[in-house]
Number of protein chains: 6
Amino acid sequence: MSAHKILTFVGLLAIASYVAYATDPTQLQDFCVGVNHPHDAVFVNGLLCKNPMDVTPEDFLFQGIDEPRSTNNRMGSNVTLVNASLLPGLNALGISVARVDYAPYGGLNAPHIHPRATEVLTVIEGTLFAGFVTSNIPNMGNKFFGRILKKGDVFVFPQGMIHFQFNIAKTPAVAISHLSSQNPGVITIGAATFGSKPPISVDVLSKAFQLNPKVVNYLQSRFQMGP
Amino acid sequence: MSAHKILTFVGLLAIASYVAYATDPTQLQDFCVGVNHPHDAVFVNGLLCKNPMDVTPEDFLFQGIDEPRSTNNRMGSNVTLVNASLLPGLNALGISVARVDYAPYGGLNAPHIHPRATEVLTVIEGTLFAGFVTSNIPNMGNKFFGRILKKGDVFVFPQGMIHFQFNIAKTPAVAISHLSSQNPGVITIGAATFGSKPPISVDVLSKAFQLNPKVVNYLQSRFQMGP
Amino acid sequence: MSAHKILTFVGLLAIASYVAYATDPTQLQDFCVGVNHPHDAVFVNGLLCKNPMDVTPEDFLFQGIDEPRSTNNRMGSNVTLVNASLLPGLNALGISVARVDYAPYGGLNAPHIHPRATEVLTVIEGTLFAGFVTSNIPNMGNKFFGRILKKGDVFVFPQGMIHFQFNIAKTPAVAISHLSSQNPGVITIGAATFGSKPPISVDVLSKAFQLNPKVVNYLQSRFQMGP
Amino acid sequence: MSAHKILTFVGLLAIASYVAYATDPTQLQDFCVGVNHPHDAVFVNGLLCKNPMDVTPEDFLFQGIDEPRSTNNRMGSNVTLVNASLLPGLNALGISVARVDYAPYGGLNAPHIHPRATEVLTVIEGTLFAGFVTSNIPNMGNKFFGRILKKGDVFVFPQGMIHFQFNIAKTPAVAISHLSSQNPGVITIGAATFGSKPPISVDVLSKAFQLNPKVVNYLQSRFQMGP
Amino acid sequence: MSAHKILTFVGLLAIASYVAYATDPTQLQDFCVGVNHPHDAVFVNGLLCKNPMDVTPEDFLFQGIDEPRSTNNRMGSNVTLVNASLLPGLNALGISVARVDYAPYGGLNAPHIHPRATEVLTVIEGTLFAGFVTSNIPNMGNKFFGRILKKGDVFVFPQGMIHFQFNIAKTPAVAISHLSSQNPGVITIGAATFGSKPPISVDVLSKAFQLNPKVVNYLQSRFQMGP
Amino acid sequence: MSAHKILTFVGLLAIASYVAYATDPTQLQDFCVGVNHPHDAVFVNGLLCKNPMDVTPEDFLFQGIDEPRSTNNRMGSNVTLVNASLLPGLNALGISVARVDYAPYGGLNAPHIHPRATEVLTVIEGTLFAGFVTSNIPNMGNKFFGRILKKGDVFVFPQGMIHFQFNIAKTPAVAISHLSSQNPGVITIGAATFGSKPPISVDVLSKAFQLNPKVVNYLQSRFQMGP
């Protein structure tokens, strides 16, 4: 086995080691900037991190979150998630930030769940219809909380709830979101249910959604194409 | 305002107070049995709990988890969740248990998410097809892990993943599940997406699922009827 | 004792009870909107919260974060912190958001510490010089990480570190910050050290800062005036 | 030093790295299946885990928990603990499951403590006398909560309490237990007190238990033989 | 129901509410001094605490930990635990301190477990034999770590392990211990096993400890007398 | 790259891996003694730790905390922090201990913050003036809690608050402190503000402290010299 491979594993381990901090109730050091190769690393307070002597202000910086992203896709939206891999100084601090662009007339950030984070969305430009659905609350079912949001509005999507944003205006929309995890995770309902690989058996989905198997086949064919 | 109402609020507060323990990283006392009325309660180690002098072994006991439940409903399944309200001694200990009955030939515990717990399912009787779908993993999409389970099989559904069980045999099936939270929460995908109150707007759902609005209307009408 | 006073206490308890959730490692319910009076409250999943039937989308909304605030004060800056008291739906979700306005030519968000949160700052308008200082790292002392930030830059201030932002341009600056706690707390170094009530004894401060007692007296007189 | 040994260490580190997740308040990924050798591993969301492409449903499966185990030993009981080493998919999810077999007429799961987990026991077959003892509660001492359990009964043993189960019937008994930790730990009171290696000095034990040193010597000789 | 009783319940709730903080991973406020009656309390940052205006330095002070305590009892030792009830300012900070006095020639702090804390013991005066026993480690059993400690020695008893201290010198001994919980809990092995109320059945204990039932009866009679 | 270097990295990783435990809400093993080289290590319950077979009571022992340290320095104080690097058995248990010596007539442990721990200080010898300052409490500013402490007094400094101790007597003073973290961290206000490397720009500090730039220059020159 080559030294290079060994190094790669060690590198992975290095990352594994300090990322294990990301949700610790309290930190064990001021910060722990990610390293790509362990030969960049030193022993800082019992944790493998980039040598503080080598850490620069740029390790805590991400640039260009104000730059529009293309929304030329099927859903007409584009999510740019800034996490520890794009912003190494974020590592182990349990928070991340995202920019979302929405195309005019129907740009949609489709219904999805962040299994590991609450989202706080701030509208920077445009007008959105946004909302979330609760879990099955006894004697109440699944309650939907939806609202039109304008520039300067801040809206909360509690952790684990199905939520979406939809551009209902003729101008593009932009939002900045912050999430209470270094890796919130995304479960897009349609894609996870009908686009999984391998697909969930048609008899399960047709019974669950009370759909004609032909409709389930159609849905699966659409989502198998990917977003 | 009547003394009764005040008592009720105080009672609610009592419950609120100790349930706040349920996910504490460590406990502050041996146990804290739930009380319905604060006049049953005493100050035990800084927490309002049932008076330990009044606590009986029955407070830690739930009976009849071996009794079959009716599966005579649309999905052909029945989930009996034993949580702190049915088993007061479970309070503040961060774990719960459930029995699931499945009707022969297609009893389905429809695709759902527990936003706050990992589930460990043990098959007691029968044969199930069970599985879960991952979140959107880069370059991999949503991977489905499905498998036929027989009596004596133990299967894991990681926290926050869409999962289901489906009875593929001609005999009833029974499973015992344990969940890593006192209140796992349930988000049934179909009901939460198409059965919310008020409903999510048709244009959002038809774009998200790429369905003819008529199909969305049909789905909403079905799920608005409830399970 | 009047029913009103009792209610007030119960009200405080209600708040106390669910705020106890704010830093729980996992939630026990979808959300728990704050209530001002327990007679607005009901028992939702073992927690005293606003009745979900009464919860509206507005409970998850804060408006006007895009509106400029006055920076006509001694430091030439203005921090608007949106926490659970301004945005009840944020309650128990462990995250908050802030807007900071900086006057042209030297508007300063003076050196301070958030003892309970990491801050992620996004520059919306203008140009800032920002930075933080590490704790006493062996063989390295207190390292300062400072940088000029422009519109679209995102910068991280790790939890517990002394940090500041300073407007070095001739135009006003605006930033949106997110903090990984429902109540980050603020310790402004100058005010906490020289402006405490009662003041720290002059001999302690003059020795700690190696300043002539007269200078300490001057500093205390300035900071006793408040910001 | 041989490449093989290096690999072994790296392998251990791999395991160490992701196991560090087991009690994290929230996860950083959907799952993290254990790997035996780092060359099976890839970088998945900052954690060293089995390559999701290689993960199979079998990684989440344990079979045969319905098979009886031999109770032909001194205590007449047999505990089969299914943890992450037997069921890799359990890794980092903070829950484990066990099967306990009890011989007829006195099969005993002797008094023990799980220092890191609450146990929820479900009786599958037979009749048990089970109970636990509280810690030293002021003005109450150590309260014992004991009860006869029959098939279908669920009983709770709170974390850190001394507890046991005893078969009082003429038929074998079987229980399925779930524990709120990936590694609950077991402290069997008799063995830990009188069977430690090296033994605790006789004068300490004879004073602590107010026993004749000869009786302590006898107890130590019995427990030094192991279970 | 009398206003006094209502107040009492409210008072209990007050205590319950903020004590719920004791093990939170991070605090939500600087401090939260305990209150005995809610009419002493105010709303401080979403938590019911003593009014900060009324908080005095004395709330953070405990005096007399240097004063010897009587060791004139059966075990010849005396533990003074300073927790949030003796030192209200400790409330919600997750740490406590204790003084232990040991009589000459055999003063014993009998084998016990703190289910909720690691203990760090510092010998202030005298000479102790101290140690702890591990849980059942595979292929190793229960390992005992014992050592003679002299003035100025610091020794660690990991959370949940059986441990003790024994005065082996002809002079009194004194130790200061710190524990990583606001309420560590104490399970004294002998008292919990043989002195519980009601007693554990003799057949269980005689089998578990392989003792003649007569010896178990004797032990129970001794421990039923209490310490 | 030499095998030695690889080993070093692996060693760092080993340390990194288990230190990741230090603030876990619950442990996954009895203890995990630190290792300097992975070839000393074995796989113990999914964590890389010193081989329990090789662990000795000395791994849990630190000696000489009763020995006076020199206070012959500018501040006239000396802090000896006993953490996991001096006492390997402390590793992963989330607590540390310190001895502080104070010179007569003005020995000062200068105002500082522990960003990651609450401190409980016990006066062993002498007389101290000690106190802490709160964060900016609305309508109250920064409240100072100061008090004269004598031998046998225990005082609490809540996590994240600026605090100090000052010897006001003509005899030396000694204190034993315990901190609720394996690595509390220290931010000495004067040194962090005026002694950082590189220094914070004079215009920021002169505005923040409302000091003549000359005074800031003087302060920076003093603190650049180090303690």
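Remarks
- Evaluated at q = 0.09, 0.15, 0.23 Å⁻¹: base-10 log I(q)/I(0), Debye formula over Cα of the range B:59-184: -0.26, -0.69, -1.36
- Within the range E:134-227, the proportion of Cα pairs with more than 18 Å between them is 64 percent.
- Total accessible area lost when F and E pair, probe 1.4 Å, Å² to nearest 100: 4200
- Accessible-area value, residue C:215, 1.4 Å probe, nucleic acids and ligands omitted, Å²: 40
- Shielding score for D:156-167, defined as the mean number of other chain Cβ atoms within 10 Å: 6
- Unit charges on C-beta of K, R, D, E only; dipole of the range B:59-184, Debye: 400
- For the range E:150-201 and the range D:169-188, distance of Cα centres in Å: 27
- Eligible lysines near residue E:207 by straight Cα distance, threshold 26 Å, same-chain separation 8 or greater: D:143, D:150, D:151, D:170, D:197, D:207, D:214, E:143, E:197
- Each other residue within a Cβ distance under 9 Å of residue E:79 adds +1 if Lys or Arg and -1 if Asp or Glu, for a net charge of +1.
- Exam field: residue C:139 pseudo-label spacings to other copies (7 Å along Cα-Cβ), nanometres: 3.7, 3.7, 5.2, 5.8, 6.6
- Normalised Debye scattering of the range A:141-195 at q = 0.26, 0.29 Å⁻¹ gives log10 I(q)/I(0) of -1.32, -1.35, counting only Cα atoms as equal scatterers and leaving out solvent.
- Placing a pseudo-label 7 Å from each Cα along the Cα-to-Cβ vector at residue F:150 and residue C:202 gives an inter-label distance of 2.8 nm.
- Label-point spacing for residue A:63 across the identical copies (point 7 Å from Cα in the Cβ direction), in nm and ascending order: 3.8, 5.8, 5.8, 6.2, 7.3.
- Percentage of interatomic Cα-Cα distances in the range C:114-157 larger than 18 Å: 38
- Sites residue D:80 and residue F:140 - FRET efficiency at Förster radius 51 Å, r taken between beta-carbons, to 0.05: 0.30
- Using heavy atoms of the protein chains and a probe of 1.4 Å, the accessible area assigned to residue C:75 is about 40 Å².
The values are calculated or read from the model by the stated rules, or taken from the named source; none is laboratory data. In this text the structure is predicted, and so the values were computed from the model without any measurement. With ideal geometry, Cβ positions are generated from the backbone for all residues, glycine too; neighbour counts draw on all protein chains shown. Calculation scope for accessible area: heavy atoms of the full protein, side chains included, ligands and nucleic acids excluded. Shrake-Rupley method; radii C 1.70, N 1.55, O 1.52, S 1.80 Å.
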